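Every read-out reported here was derived from the displayed coordinates using simple, explicitly stated rules and does not represent laboratory data. A quick note: this is a predicted structure, and the numbers were derived from the prediction, not measured. Ideal geometry is used to build each Cβ from the backbone, glycine not excepted, and the neighbour counts take in all protein chains shown.
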């Protein structure tokens, strides 16, 4: 079985972005059932020196849109990191999904060996398309989605592993009869 660069990236970003939005939906419902303000979760941290939930969502968004753009040879769109409420965070995820959905297979496939440069504050990292996806982009994206999940669990939101894996997207489709 061969797997294209597109298949290994774009559908994965989309699945997990939709699941991230579903985690926010469950968190909001839980907060309301408990008589709490769901937006209070946005500032929650695992530990003081880690970014809060809203920033984890910003960074998951940045990782997905940046990953998709760079794999397609495009400049990543810039979204200001200003969202602090659940409606704003959901809108941010929605904008990210819309951008990632706009990336087509023909823009990504065939770029496995393309050079991708990632500017950082103190240096620039250089990857092939394949290495960028597998060694940087997906691990970075999953880190921030997982941290958002862990923050919500720490706050008492009743989430399970299947919420993380398939909160909004079925894991498997039934075989046709």
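Angle of helix 138-154 to the longest C-alpha principal axis of the chain, folded into 0 to 90 degrees and rounded to 10: 0°. The GNM of the chain, with springs linking C-alpha atoms under 10 angstrom apart, assigns the highest mean-square fluctuation among 66, 160, 129 to 160. The C-alpha atoms of the chain define a longest principal axis, and helix 53-71 lies at about 20 degrees to it. Relative to the current alpha-carbon distance between residue 154 and residue 125, full extension at 0.36 nm per residue lengthens the span by 7.1 nm.
From its DSSP helices (H runs of at least four residues, each -39,500 (n - 2.57)), the chain gives a residue-normalised ellipticity at 222 nm of -16000 deg cm²/dmol.
Please determine, in degrees from 0 to 90 and to the nearest 10, the orientation of helix 86-102 with respect to the longest principal axis defined by the Cα atoms of the chain, where the helix direction is its Cα long axis. Its long axis makes an angle of about 20 degrees. Taken over the Cα atoms of the range 6-94, the convex hull encloses 99 Å³ per residue. Computed extension gain for residue 109 through residue 47, at 0.36 nm per residue and net of the alpha carbon distance, reaches 18.3 nm. Seen through its C-alpha gyration tensor, with square-root eigenvalues sorted a ≥ b ≥ c, the range 10-54 comes out oblate because a/c lies at 1.5 or above while a/b is not bigger than b/c.
Fewest neighbouring Cβ atoms within 10 Å first, the residues 149, 13 line up as 149, 13. The ranking of 50, 59, 16 from fewest to most other beta carbons within 10 Å of each one's beta carbon is 50, 59, 16. Peptides 31-38, 135-142 ranked from most to least packed, by the mean per-residue count of other Cβ atoms within 10 Å: 135-142, 31-38.
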